[in-house]
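J.: Let me begin by handing over the structure; questions about it come next.
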Amino acid sequence: MRALSFIAVALTVLAGPGSVQAETVYVNRAVITDHARGGVTLVDLLTGRILRRLDTASPGSLRRGAAPGQVSLAQGPAGRVDVIDLGITVENHGDHADLRLSGPRLIPGVAHGPKPSHVLAGDGRLASFFDGDGSVVVTGEGAPVTLRANAAHHGLAYPFHAAAGPMLLVSHAAAAGARPGGVVLLDAGGRETARRDDCPMLHGEAVSNRVIALGCADGVLLLDTRSQVFRKVAYPEGTASGRMVRSLAGGADFHLFAADFGPDAVTILDPDAGRFMVVELPARRVAYALDPERSASMFVITEDGGLHRIDTLKGEILASVPLLRRYSMDGGWALARPRLSAAGGMVAVTDPAQSRLLVLDAGSLALRHEIAIEGTPFNILAIAASGERH
């Protein structure tokens with residue numbers, strides 16, 4: 001598995017004659033949604049302090065935003081996409097990076113449409129896919145641009161940059177309401193430049209380095225965004241019927257993808273070698289997370305309440321701790337179950353039944369904070385950064 005170069009943010013600059021001492025600052029903030037009502041809670045994971053609560057129209061799902069320090073909130077019942085700015089700004093100056101912190105704020109109504117689902121960021125743009133009519137709203141610099149998939153379906157649109165300019169990867173379906181079975185590439189003018197029709201039951205996407213991965217019923221479809229060349233990695237021989245990748249997370253420091261793989265397993269894909277490693281879990285999986293910047297480990301919550309740290313380079317469970325009461329996977333997806341997010345050497349786990357957030361050390365899985373969260377905390381996304389403050 002090929003490790004990408006990892007450049008740490010500059011540490012404290014030594015003061016010399018006439019120089020100003022620079023302080024290295026670390027920040028780790030999280031957004032938490034409620035399962036039953038609108039509004040998000042913003043938490044400082046380093047101190048365990050609640051920063052503030054922002055009102056939103058309805059509950060929703062979280063994704064990284066187009067700018068560092070931003071998170072998108074797709075609110076299906078309200079038919080809108082908001083952006084939460086966590087107040088984290090990193091200015092890269094080549095030999096060091098400056099970190100500026102400010103108060104979190106809500107940027108409401110970035111996009112509107114029926115049943116927003118996947119909201120994906122890339123190339124400084126945000127693409128919001130609306131399942132209700134198959135429309136895609138792309139925001140970034142300049143006025144929003146609205147495109148349409150070939151039919152209304154539960155789909156996705158991924159913005160990326162190629163040598164020829166801005167591009168968009170968009171799913172397509174055989175008919176309205178059908179599961180997508182492939183993707184098309186669109187240029188800045190909305191013209192189709194390439195097509196793949198061999199990704200049945202398409203669901204789940206992630207990016208690692210310059211490769212976008214898509215979950216399919218028979219394997220994972222990969223797109224090299226530099227060359228716009230597709231290739232397919234089939235699942236291991238003997239994979240049980242119905243076991244497929246339905247969600248993915250991509251590494252930034254290592255070129256790999258972590259994914260679900262049936263109810264009681266996860267898998268790690270090495271896209272360079274075209275190889276899957278399947279990790280069987282001790283109980284059914286509730287949720288998993290990968291810190292893109294520290295992707296040598298992934299973290300999984302199982303229905304027995306255990307938290308597990310998995311070595312993504314070896315495909316092994318390295319550590320497990322009992323953390324929560326049992327959360328059964330029976331009863332459908334409408335029930336509130338734990339979610340987790342990893343960033344900056346920490347793992348944050350929501351505990352809806354106990355109205356709390358648990359913050360753990362990513363290496364030792366030792367508990368660092370237990371934070372009471374009003375309501376029923378559900379989805380969570382953490383973002384960490386570091387830099388100098390003069």
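J.: Around residue 303, under 11 Å between beta carbons, what's the net of Lys plus Arg minus Asp minus Glu among the other residues?
T.: +2
J.: DSSP loop (so not H, G, I, E, B), at most 13 other Cβ within 10 Å: list which trypsin sites (Lys or Arg not before Pro) in the range 94-202 pass both filters.
T.: On the way: sites: 100, 105, 125, 148, 191, 195, 196; in loops: 191.
The qualifying sites are 191.
J.: Which distance in nm do the two modelled labels at residue 50 and residue 92 give, with both placed 7 Å along the Cα-to-Cβ direction?
T.: 3.6
J.: Loop-only chymotrypsin sites (Phe, Trp or Tyr not before Pro) in the range 316-390, please: DSSP not H, G, I, E or B, and at most 16 other Cβ atoms within 10 Å. Intermediate values should be presented prior to the final figure.
T.: Values: sites: 327, 333, 378; in loops: 327, 333.
Loop-located and lightly packed - 333.
J.: Follow-up. Counting other C-beta atoms within 10 Å, which of 35, 172 has the fewest, and how do the rest follow? Intermediate results must be reported in sequence, preceding the final value.
T.: On the way: 35 17, 172 22.
Placing the least packed residue first, the sequence is 35, 172.
J.: Next question. Does the range 106-227 come out rounded, prolate or oblate by the C-alpha gyration tensor, with a ≥ b ≥ c the root eigenvalues, rounded set by a/c under 1.5 and, if not, prolate when a/b is larger than b/c and oblate if not? All intermediate terms of the calculation are to be shown ahead of the outcome.
T.: Details: a/c = 1.57, a/b = 1.11, b/c = 1.42.
Note, shape of the range 106-227 comes out oblate.
J.: Between residue 147 and residue 100, 0.36 nm times their residue separation minus their Cα-Cα distance comes to what? Spell out each step's value before the answer.
T.: Working: separation 47, 0.36 × 47 = 16.92 nm, distance 3.54 nm.
Taking 0.36 nm per residue and subtracting the Cα distance, the gain is 13.4 nm.
J.: In whole Hz, what ³J(HN,Hα) sequence does the range 341-357 give by Karplus (6.51, -1.76, 1.60; θ = phi - 60°), x for Gly and Pro?
T.: 9, 10, 6, x, x, 10, 10, 10, 10, 7, 10, x, 5, 9, 6, 8, 10
J.: Hey, another quick one. Assuming 0.36 nm per residue, please report the length gained on full extension of the stretch residue 237 to residue 284 beyond their Cα-Cα distance. Each step should come with its number before you reach the end.
T.: Details: separation 47, 0.36 × 47 = 16.92 nm, distance 2.24 nm.
This chain segment gains 14.7 nm when fully extended.
J.: Cut-off is 10 Å between beta-carbons; in what order do 202, 147 appear when sorted fewest neighbours first? Could you put the intermediate results ahead of the total?
T.: Details: 202 26, 147 16.
Taking fewest neighbouring Cβ atoms as first place, the list is 147, 202.
J.: Oh, and also: Through the Karplus equation 6.51 cos²θ - 1.76 cosθ + 1.60, θ set to phi - 60°, convert the phi angles of the range 60-69 into ³J(HN,Hα) values in whole Hz; use x for Gly and Pro.
T.: x, 9, 10, 9, 5, x, 6, 10, x, x
J.: Treat every Asp and Glu Cβ in the range 23-389 as -1 and every Lys and Arg Cβ as +1, leave all other atoms uncharged, and give the resulting dipole magnitude about the Cα centre to the nearest 20 debye. Numbers along the way, then the final one.
T.: Numbers: 36 positive and 39 negative charges, 129 e Å.
Around 620 debye, computed over the range 23-389.
J.: Roughly how far apart, in whole Å, are the Cα centres of the range 30-75 and the range 196-232?
T.: 29
J.: While we're looking at this one, here's another question. Quick check: net charge around residue 257, other residues with Cβ under 12 Å of its Cβ, Lys/Arg +1 and Asp/Glu -1?
T.: -3
J.: List the residues of the range 204-246 whose backbone N lies under 18 Å from a point placed 7 Å from the Cα of residue 163 along the Cα-to-Cβ direction.
T.: Counting backbone N atoms under 18 Å from the label point, the list is 210-212, 223-231.
J.: What is the magnitude of the charge dipole of the range 245-390 about its Cα centre, with +1 placed on the Cβ of each Lys and Arg, -1 on the Cβ of each Asp and Glu, and no other charges, expressed in debye to the nearest 20?
T.: Using only the charged Cβ atoms, the result is roughly 260 debye.
J.: Run the quick spin-label model on residue 318 and residue 25: label points 7 Å from Cα toward the beta carbon, then report their separation in nm to one decimal.
T.: So the two model labels end up 3.1 nm from each other.
J.: For the chain, just say rounded, prolate or oblate: build the C-alpha gyration tensor, square-root its eigenvalues into a ≥ b ≥ c, call rounded for a/c under 1.5, and beyond that prolate if a/b exceeds b/c, oblate if not.
T.: Values: a/c = 1.29, a/b = 1.16, b/c = 1.12.
It comes out rounded by the Cα gyration axes.
J.: Right, another one. Taking amide H atoms as placed 1.01 Å from N in the peptide plane, list the residues 5 or more away in sequence, or in a different chain, whose amide H sits under 5 Å from that of residue 132.
T.: 115
We did not get these values from a lab; they are worked out from the coordinates using the rules stated. A quick note: this is a predicted structure, and the numbers were derived from the prediction, not measured. Positions of Cβ are generated from backbone atoms using ideal geometry, with glycine treated the same way; all protein chains shown enter the neighbour counts.
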